[in-house]
Amino acid sequence: MTAFKIFRLLSCFAAVCLPALRCAAEVNQVTNLAPGVYFHEGDLKGHGHCNNGWVVFEDFVLVIDANFPSGAQELIPKIKAVTDKPIRFAFDTHHHGDHSYGNQVWVENGAIPVAHAGVIEEMKKYETGHYGNKPGRWEESAKTRPDVASSKLKPPTLLYTNTMIFDDGKHRVELLHFGVAHTHGDGFAWLPKERILFTGDACVNGPYNFTGDGHITKWIRTLEGAKRLGPLTVCPGHGPVGTGQLLDDQQAYFMELTKIAKRYVRKKPEELKVAVELIRLELLVNDRLARYVGDLFPAQLEKAYVEQGGKPFLPAKTAADYHDRHADDHGQEKVR
């Protein structure tokens, strides 16, 4: 076996397997973060489910992230096990299927889908089948996910531009938007009294960063806005719940990618392509950043490089494969 292959195996194990083992015991478990505030780590590898949260207000429940349809169906009994209040709102942190395709399930259970206005703009761009054009991402997902195939796309109908507030005197949840990050419509759910922040995929805890629909440079600035809130607890879109340090680490990872991209921007794309595995190993020895380095790393590095003025170094088919790999990493369930 060549040294390159050994490095590849070691990097994949360190970046993917070890984080998965550390957090395996928490998957599918409900955590009570504060009175009336809950976090649920979704089964990403098995079913593609994102993380969820919910807040029990005096008269209703606000759910954070709609998940896939199967994820929504799994979550509802868990919510009902801790409260008899009706579920009235489901907040999509962004437009990706593992965070929004479950909207129809929540609507059928009495909830209104809520999101930043940018989510609708993103859906119009990518969910072309719903908006009267050629099949889009929903139809592609339905090919491999029975739960999607048996449901239908339900875009959010209650929208905000900068801030939306839920406040019953006991609980306060502020839905915020700090700019472009993972997508162009990322929303955050901030609980100022408890200092708990739900980030969607604008912040993750593991090798789950998909940069294809976002902008890394702007993402760094968006994370800075979230950091100014001073959260004590951060509930990421994927991976275990963490402290406010999680925002720092997520931002530091992208800052390092940008730093590397600037170092190579005056060089030919082929030179960066050759250096990808060495750069990967360089990051893997950084305890703070290693958990973010996974199979999507080459595409992340290319994105940072292009943003700094470089040209793509991955073949078009390879770039498309990375998008598909993102879907696979989010647990596409195969039709049986």
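The values are calculated or read from the model by the stated rules, or taken from the named source; none is laboratory data. Since this is a predicted model, take the numbers as computed values, not measurements. Note that each Cβ is placed from the backbone with ideal geometry, even for glycine, and that neighbours are counted across all protein chains shown. When the accessible area is computed, the model is the full protein with side chains, heavy atoms only, and any ligands, DNA or RNA have been set aside. Shrake-Rupley method; radii C 1.70, N 1.55, O 1.52, S 1.80 Å.
The table for this structure:
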read-out	value
The one condition in (1) out of contact with any Lys or Arg (no Cβ under 9 Å at 6 or more places or on another chain); (2) modelled with pLDDT of 95 or more; (3) under 17 Å from residue 238 (Cβ atoms) that residue 326 fails to fulfil	(2)
Of the criteria (1) in contact (Cβ under 8 Å) with a residue 12 or more places away in the chain; (2) farther than 18 Å from residue 207 by Cβ, which one residue 48 fails	(2)
Filtered residue count, the range 16-61, keeping only those that are more than 19 Å from the chain's Cα centre (by Cα), at pLDDT 95 or above and of a type outside the set (Val, Ile, Thr)	9
Within the range 89-112, considering residues that are aromatic (Phe, Trp, Tyr) and within 15 Å of the chain's Cα centre (by Cα), the one nearest to residue 56 (Cα to Cα)	91
Residues that are over 15 Å from residue 209 (Cα atoms) and not β-branched (Val, Ile, Thr), drawn from the range 249-269	259, 261, 262, 263, 264, 266, 267, 268, 269
Options 121, 108, 127: the member that is open to solvent by 30 Å² or more (accessible area, probe 1.4 Å) and free of Cβ contacts under 8 Å to residues at least 40 places away in the same chain	108
Selected residue [touching a Cys at 6+ places or on another chain (Cβ under 9 Å) and polar (S, T, N, Q)] from 199, 243, 258	199
Residue in the range 195-218 that is farther than 19 Å from residue 95 by Cα, surrounded by fewer than 22 Cβ atoms within 10 Å (Cβ to Cβ), in contact with a strand residue (DSSP E or B) (Cβ under 9 Å, 6 or more places away or on another chain) and of a type in the set (D, E, K, R) present	yes
First in the range 250-278 and within 19 Å of residue 294 (Cβ to Cβ), second anywhere and not in a helix (DSSP H, G or I), Cβ under 6 Å, 6 or more apart	250/203; 253/289; 261/308; 272/313; 273/313
Qualifying residue in the range 228-251 (condition: open to solvent by less than 60 Å² (accessible area, probe 1.4 Å), among the β-branched types (Val, Ile, Thr) and in contact with a Phe, Trp or Tyr (Cβ under 6 Å, 6 or more places away or on another chain))	yes
Which numbered condition residue 174 misses (of (1) over 18 Å from residue 61 (Cα atoms); (2) open to solvent by 20 Å² or more (accessible area, probe 1.4 Å))	(1)
